[in-house]
Amino acid sequence: MSGVGSMEPQSDRLAVVPSELLPPRSERRHLLSVRDLDRADVERLLATAKSFALSQERDTKKLPTLRGRLVVNVFFESSTRTSSSFELAAKRLSADTMSIKSSGSSVDKGESLKDTALTLSAYDPDVIVIRHPQIGAPQLVAAVTEAHVVNAGDGKHQHPTQALLDLYTISAALGRLEGAQVAIVGDVLHSRVARSLIQALELVGAGVLLVGPPPLVPAELGEVSYDIDAIRDADVVYVLRMQRERMLEGANYVPSLREYSARWCVTPERLRPGQYVMHPGPMNRGVEIDPRVADSAEALIVDQVRAGLVVRMAVLYDLLTSGRVAVESAFAGIA
Ligand code: CP
């Protein structure tokens, strides 16, 4: 990070400035987990995102705010929404961007995550955004680089910017977060989206009910129901896909996708009029969500994608300016 606030001045000019007159050394901050945020952080980030949303209604959408900064996107797992929105968010703020995917990089030749992070650090990135199948990968990158690190999804652990964009979307639809009732339906067990969103909803005073078959809905994560009819009491029904890529080989969580769909698919008949429906994507139409629901006026799925852009602009802005997004998470010691 910049040495402007350091006790070891970097130039003759700074050498004559008494240290007590210098701004405090800026803390290197990350967004690794929703647990890194408090309610004030969430409110500030959502307000910043709302300001950016207004800027995106103009003909000229690009802002000069992060000119000269470098945002590196490292995606070692598939992504459409998160990778594209982080890239566009950085570009809309005039930052330089660089995108690395595991396929086609030196990961194919056996390079470790630590060595990849050290290699990219040689370009002095301001922010590294990382998605990785291993829990704790973003904490490892934070431990070996000088960049601010944003977790764009690590295994089934956390996806904090998804939770923020979901809060933004719910707030825009309902006009409130406090007291909102959200039913999360489906494969909660393997979902980083669910783990992040449960924590985020609790932070803002919203209620959460987890609904699905017992093997996929761990009771330790919150209030649960194993009856699909329970979704009718919610303001928002949040649908999760079956995350087969994270399921243990040979484990039978449900008898078959056909039976899962018959019992748990969110159909128009299972909803009450006026309920909003969300899905983080990618959707498996006809499995966890009926196409008529996905394409209905109550579906907020495209709104979530749109929110992803302005929320990620807000996160990049907040990390690189004086706002406080986060402190090191509890995993900061992992290396
Ligand atoms: N919601 C989400 O993380 O989508 P992607 O996997 O497409 O980024």
>> Return the residues of the range 267-281 that are surrounded by 11 or more Cβ atoms within 10 Å (Cβ to Cβ) and farther than 15 Å from Val188 by Cα; say none if nothing qualifies.
In response: Thr267, Pro268, Arg270, Leu271, Gln275, Tyr276, Val277
> So which residues in the range 92-106 are over 24 Å from the mean Cα position of the chain (by Cα) and of a type outside the set (S, T, N, Q)?
Replying inline: Gly104
> If you go through the range 92-119 one residue at a time, how many are closer than 16 Å to Ala142 by Cα and within 16 Å of the ligand (Cβ to nearest atom)?
Replying inline: 0
>> Pairs needed: first member in the range 82-96, more than 10 Å from Leu66 (Cβ to Cβ); second member anywhere, within 13 Å of the ligand (Cβ to nearest atom) and of a type in the set (Val, Ile, Thr); C-beta distance under 7 Å; at least 6 residues apart or different chains.
In response: Phe86/Val129
> If we keep just the residues of the range 295-312 that are acidic (Asp, Glu) and crowded, with 16+ Cβ neighbours inside 10 Å, which is nearest to Val42 (Cα to Cα)?
Replying inline: Asp303
>> Within the range 56-67, take every residue that is in contact (Cβ under 8 Å) with a residue 24 or more places away in the chain and surrounded by fewer than 18 Cβ atoms within 10 Å (Cβ to Cβ) and give me the one that is nearest to the ligand (Cβ to nearest atom).
In response: Gln56
>> Give me the residue from the range 219-256 that is modelled with pLDDT of 90 or more and of a type in the set (Asp, Glu) and, out of that set, surrounded by the most Cβ atoms within 10 Å (Cβ to Cβ).
In response: Asp235
>> Of all residues being touching a residue at least 24 places away in the same chain (Cβ under 8 Å) and within 14 Å of the ligand (Cβ to nearest atom) in the range 295-305, which is nearest to Ser94 (Cα to Cα)? Just the residue, please.
In response: Val305
> Identify, please: which residue in the range 122-159 is charged (D, E, K, R) and crowded, with 24+ Cβ neighbours inside 10 Å and is, among those, nearest to the ligand (Cβ to nearest atom)?
Replying inline: Arg131
> Take the residues of the range 217-246 that are assigned to a helix (DSSP H, G or I) and of a type in the set (Asp, Glu): which is farthest from Glu178 (Cα to Cα)?
Replying inline: Glu245
>> Among the residues of the range 136-195, what is the count of those that are over 11 Å from the mean Cα position of the chain (by Cα) and acidic (Asp, Glu)?
In response: 3
> Taking the range 278-293 on its own, how many of its residues are within 14 Å of the ligand (Cβ to nearest atom) and farther than 16 Å from Leu257 by Cα?
Replying inline: 5
> For Ala206, all conditions in the list (1) surrounded by 13 or more Cβ atoms within 10 Å (Cβ to Cβ); (2) within 16 Å of the ligand (Cβ to nearest atom) hold save one; what is the number of the exception?
Replying inline: (2)
> Out of all the residues in the range 69-91, is one or more surrounded by fewer than 16 Cβ atoms within 10 Å (Cβ to Cβ) and away from the ligand (no atom under 16 Å from the Cβ)?
Replying inline: no
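The values are calculated or read from the model by the stated rules, or taken from the named source; none is laboratory data. Since this is a predicted model, take the numbers as computed values, not measurements. For neighbour counting, all protein chains shown are included, and Cβ atoms are generated from backbone atoms with ideal geometry for every residue, glycine included.
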